[in-house]
Amino acid sequence: MIDQAIRQMDFSYVPYSRFRVGAALLAKNGKLYTGCNIENAAYTPTNCAERTAFFKAVSEGVTEFDGICVVGGKDGVLTDYASPCGVCRQVMMEFCDPDEFQIILAKSRQEYKIYTLRELLPQGFGPADLA
């Protein structure tokens, strides 16, 4: 997953921040969905790599996931961990079990950290809150 996420950074459209992000999302069916960040001059239409991967999967009818790997860095150079933004965490909360879904943040193939969604979004609001 780390290698796939790193490769996705090459597809990032980031003329403003030059901060490339790649994501590789593992569905429960074993299929991998990838994403990159896509910026926009108006800023708010910008889409993160994580959401790009989720939306690709959901648009193909897949809504169950095991984990995601996220990498990022200025000009595509991985120097630190790139954690998902709050909006991406909320999208994860919509589709993933917060205690089981794993988020891998990587600086390289050898240097990574694994978190559950609950660890990154401890008081998350999801579908169960509306039941």
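Suppose the filter is touching a residue at least 60 places away in the same chain (Cβ under 8 Å), surrounded by 17 or more Cβ atoms within 10 Å (Cβ to Cβ) and within 13 Å of MET1 (Cα to Cα); does VAL21 pass it?
Details: touching a residue at least 60 places away in the same chain (Cβ under 8 Å): yes; surrounded by 17 or more Cβ atoms within 10 Å (Cβ to Cβ): yes; within 13 Å of MET1 (Cα to Cα): no.
No, not satisfied.
Enumerate the pairs (first residue in the range 89-105 and without any contact (Cβ under 8 Å) to a residue 60 or more places away in the chain and within 16 Å of GLN123 (Cα to Cα); second residue anywhere and surrounded by fewer than 19 Cβ atoms within 10 Å (Cβ to Cβ) and among the basic types (Lys, Arg)) with beta-carbon separation below 7 Å, excluding pairs fewer than 6 apart on the same chain, so at least 6 apart or on different chains.
PRO98/ARG118; ASP99/ARG118
Go over the candidates GLY67, GLY30, GLY35 one by one and state the one that is small (Gly, Ala, Ser), touching a residue at least 40 places away in the same chain (Cβ under 8 Å) and within 23 Å of ASP3 (Cβ to Cβ). Write out each step before concluding.
On the way: GLY30 fails: touching a residue at least 40 places away in the same chain (Cβ under 8 Å); GLY35 fails: touching a residue at least 40 places away in the same chain (Cβ under 8 Å).
Only one candidate qualifies: GLY67.
Kindly indicate the residue of the range 32-74 that is aromatic (Phe, Trp, Tyr) and touching a strand residue (DSSP E or B) at 6+ places or on another chain (Cβ under 7 Å) and also nearest to TYR115 (Cα to Cα) among those meeting that condition. Even if it seems obvious, please write down each step before you answer.
Residues of the range 32-74 that are aromatic (Phe, Trp, Tyr), as a first pass: 33, 43, 54-55, 65.
Checking the rest, the ones that are also touching a strand residue (DSSP E or B) at 6+ places or on another chain (Cβ under 7 Å) come to 33, 54, 65.
Details: TYR33: 19, PHE54: 18, PHE65: 15 Å.
Selected residue: PHE65.
Could you list all residues from the range 12-35 that are more than 16 Å from PHE95 (Cβ to Cβ) and in contact with a helix residue (DSSP H, G or I) (Cβ under 9 Å, 6 or more places away or on another chain)? Let's see the steps before the verdict.
In the first step, residues of the range 12-35 are kept if they are more than 16 Å from PHE95 (Cβ to Cβ); the result is 12-22, 30, 34.
Across the range 12-35, the qualifying residues are SER12, ARG20, VAL21, GLY22, THR34.
For LEU26, which of the numbered conditions (1) within 15 Å of LEU117 (Cα to Cα); (2) not in a strand (DSSP E or B) fails to hold?
(2)
Residue-by-condition table, conditions (1) on the phi > 0 side of the Ramachandran plot; (2) outside any helix (DSSP H, G or I); (3) in contact with a Phe, Trp or Tyr (Cβ under 6 Å, 6 or more places away or on another chain); (4) modelled with pLDDT of 95 or more:
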residue: PHE55; (1), (2), (3), (4): no, no, no, yes
residue: ILE68; (1), (2), (3), (4): no, yes, no, yes
residue: VAL71; (1), (2), (3), (4): no, yes, no, yes
residue: ASP80; (1), (2), (3), (4): no, yes, no, yes
residue: ARG89; (1), (2), (3), (4): no, no, no, yes
residue: ALA128; (1), (2), (3), (4): no, no, no, no
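Which members of the range 36-57 meet the condition of being closer than 13 Å to PHE95 by Cβ, crowded, with 17+ Cβ neighbours inside 10 Å and among the hydrophobic types (A, V, I, L, M, F, W, C)? Write out each step before concluding.
Let us first name the residues in the range 36-57 that are closer than 13 Å to PHE95 by Cβ, namely 50-51, 53-57.
With the extra rule that they be crowded, with 17+ Cβ neighbours inside 10 Å, the set shrinks to 50-51, 53-54, 57.
Those that are closer than 13 Å to PHE95 by Cβ, crowded, with 17+ Cβ neighbours inside 10 Å and among the hydrophobic types (A, V, I, L, M, F, W, C): ALA53, PHE54, ALA57.
One residue is enough: does the range 42-58 have a residue meeting the conditions in contact (Cβ under 8 Å) with a residue 40 or more places away in the chain and farther than 21 Å from PHE11 by Cα?
no
Determine which member of the set LEU105, LEU120 is surrounded by 17 or more Cβ atoms within 10 Å (Cβ to Cβ) and over 11 Å from the mean Cα position of the chain (by Cα). Explain how you work it out, then say what you get.
Numbers: LEU105 fails: over 11 Å from the mean Cα position of the chain (by Cα).
Of the residues listed, the single one that is surrounded by 17 or more Cβ atoms within 10 Å (Cβ to Cβ) and over 11 Å from the mean Cα position of the chain (by Cα) is LEU120.
The values are calculated or read from the model by the stated rules, or taken from the named source; none is laboratory data. Just so you know, these numbers come straight off a predicted model, no measurement behind them. Note: ideal-geometry Cβ built from the backbone for every residue, glycine included; neighbour counts use all protein chains shown.
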